[in-house]
Structure formats: C-alpha cells, structure tokens
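A short reminder: the numbers here are calculations on the coordinates, not readings from a lab. Computed from a prediction, not measured in an experiment: that's the story for all the values here. Please note: Cβ atoms are built from the backbone with ideal geometry, for glycine as well, and neighbour counts cover all protein chains shown.
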Amino acid sequence: MSMRRQESLEGVDREALISVREVVIALKRLRPRNASTCARLLDVLGFEAAAPARRKRGRTTPAPDVPVAPPTPPAREPSAPSGPRERLQSVRTEPPQSVATANTALSTERVRSSQPEPPAPLFEPRWVRDIIVSMLATAAPLGDYDIDALLTLLADAKPIVDIPRQRVRTLSRGAHLLVDVGEPMEPFAADQDRLVGDILRIVGKDLVDVLSFRRTPAFGCGSGPLWTWKPYQVPRTVLPLVVISDLGVGGPPASADRANEGEWKAFLDALPAQLPVVVLNPYPPRRWPRALRRRAAILQWDRVTSPRLAWLAQTALERR
C-alpha cells in the first residue's frame with residue numbers, strides 16, 4: 001500500500017498532481033526489481049510506501065474448502081502447418097473378443113503351427129504348366145487353313161469335302177490319368193494329389209478322367225471303393241494316357257502291391273499302338289525296366305525334368 005505524503009497543497013497547481021492511477025501505470029511499465037527501488041519510485045512521484053501489516057498471533061480458524069473451478073486455458077491462435085501431417089489410423093469399432101473366442105483362436109494357431117509344412121513339389125514350380133502341356137498336348141487339325149493341301153486337292157481334281165487345316169498341338173482332347181495308390185507309392189501321396197490338381201486345373205476337370213489302381217491297372221482301377229474297381233478299359237478315342245507309378249521298382253519287395261516287370265509289360269502291350277502313354281516315375285532312370293522304355297515315354301518325376309525333356313519324350317513317342 002502507498003499513501004500520499006501530508007504536505008501543504010497551498011500554492012500548488014492541482015492539475016499537476018499525480019493520481020493513483022498514474023502511479024499504478026508507472027509501476028506496471030517500469031517494473032521495479034525490488035522493494036527499495038519501488039519505494040524510491042513512489043518517493044519521486046510524491047507517495048510513500050506503507051509498512052506491511054503485521055500478522056496477529058493466535059489460533060486462526062481455517063477457511064472452509066470451496067471448490068474452485070480450474071482456470072480456462074487461453075485460446076491459441078492456429079499455427080501454420082510446418083510439414084506433412086501424420087495420417088491417422090482407423091479406430092477399431094468391433095467389440096472385443098470374449099475369453100472363449102480368444103482361447104479358440106489361440107488353440108487354432110497352435111494347431112496350425114504344430115502341423116508340418118507340405119513337402120516341396122517334385123517338379124520345378126515354374127515349369128509345372130509347361131511340362132504338363134508338353135506331356136498331354138497332341139497334334140490335331142485345328143489351326144489355320146492348309147493352303148498347300150487345298151491346292152493339292154484342286155490339282156488332283158479331287159472333291160473338297162472338308163477344308164484342310166494345319167495341325168497344331170492342343171489339350172482339347174483331354175487325357176486319362178491312372179494314379180498308383182499302392183503301398184510302394186505311399187511316400188508320394190501328397191505329391192500325387194498336388195500333381196493331379198495341377199493337371200485338372202490346366203487341362204480342365206471335364207476333359208480328364210482320374211482312376212486309381214494298385215499293382216497294375218490290369219488288376220482293377222476305379223474312382224470309388226475298392227470293390228467297385230474293374231480292369232482298365234481302353235478309351236474309344238485316342239487320348240493321352242498318363243500313368244503315375246514307380247513301375248514296381250520301389251517299395252518293400254514282399255508288398256502285394258508291387259508288380260514285376262512282366263506284369264507291366266503285359267499291360268502296356270495290350271494297349272493300342274496309336275495310344276500315347278506317358279509314365280511319371282519318381283525314381284532315377286537307372287532303375288527303370290529297359291523293356292518298358294520301348295512302349296511308353298518315361299519321365300523322371302523330379303526337379304531335373306524340364307519342359308524340353310517332356311516335349312522330346314512325347315515327340316519321340318509319336319514317331320514310333
């Protein structure tokens with residue numbers, strides 16, 4: 001507190017007197033650092049600083065607790081963006097999983113992690129399609145018009161019943177697929193399922209007949225239960241025949257599903273000569289029966305087989 005000094009105001013211009021308001025403005029603008037500086041400033045302005053009031057000794061009654069509202073933060077001016085803003089992530093809206101659902105998901109993940117991974121395919125994955133096409137494609141008059149053949153007919157004065165076309169290799173004829181499910185081929189069961197699925201996908205499910213057999217197809221084959229199997233019947237149309245088997249070179253020697261070389265030779269000799277037969281054998285060529293190589297195109301069912309080898313085997317079979 002400050003108070004006006006008691007001085008005689010006689011002969012003093014009242015308009016020149018400094019008001020309390022002006023003193024407050026001066027203190028606010030000058031901002032004295034300590035009490036002594038503030039007292040000197042008041043003395044210059046014609047005021048004197050009052051001594052601070054002393055506190056009374058004794059027991060005081062505490063003031064009741066009155067809830068005080070928190071101060072309102074001052075409004076901030078929007079600042080200009082200084083860089084690219086971070087993209088906000090979407091907030092999850094679905095309800096949290098229950099304990100039972102979480103336990104079920106955890107058990108499912110444990111079962112998946114405990115299951116072994118499927119084996120790698122025997123054929124190179126990037127070559128599977130080309131190998132299947134090279135094996136099963138046959139030449140058929142489905143290409144462009146054969147002008148040379150047409151001119152030959154006209155030069156010989158022969159009637160033109162059908163316009164000749166060029167022969168191209170196609171999968172439109174389909175194929176017959178015989179899968180050996182006997183005991184010697186059990187180690188390759190997963191590979192057989194994968195290869196059959198690839199053939200059905202590439203050639204077409206409606207164009208491929210899949211039959212299972214044991215020992216040789218002559219003892220019975222079919223797509224249903226074992227007691228419904230019958231000996232293999234040669235198709236009326238000439239379709240490529242694919243046999244997935246080890247030709248009796250693998251498995252336990254005493255297995256009832258292991259056929260000998262003579263049984264396989266009898267089966268292949270009973271097929272029409274114009275029927276193209278391709279055998280996929282998972283064992284190396286040194287173990288193949290030599291007598292069977294003359295009747296069928298045998299390919300090693302492994303990574304060493306390329307589309308070119310499959311095409312060469314099929315071409316050599318067509319030239320016989």
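A few comments on the model shown:
- Listed values for segment 213-220 are Karplus-derived 3J(HN,Hα) couplings in whole Hz (6.51 cos²θ - 1.76 cosθ + 1.60, θ = phi - 60°), namely 8, 10, 6, 9, x, 5, 7, x, and x replaces Gly and Pro.
- Here, segment 233-320 yields an orientationally averaged convex hull projection of 6.2 nm² when only Cα atoms define the hull.
- Close amide H contacts of Ala296 (hydrogens built in the peptide plane, cut-off under 5 Å, sequence separation of 5 or more or a different chain): none are found.
- 3J(HN,Hα) along segment 133-149: 5, 5, 6, 9, 6, 10, 7, 8, x, 10, x, 6, 4, 8, 5, 4, 5 Hz, from the Karplus curve 6.51 cos²θ - 1.76 cosθ + 1.60 with θ = phi - 60°, whole Hz, x for Gly and Pro.
- Label-point gap, in nm, between Lys205 and Asp269 - each point 7 angstrom along Cα→Cβ: 4.1 nm
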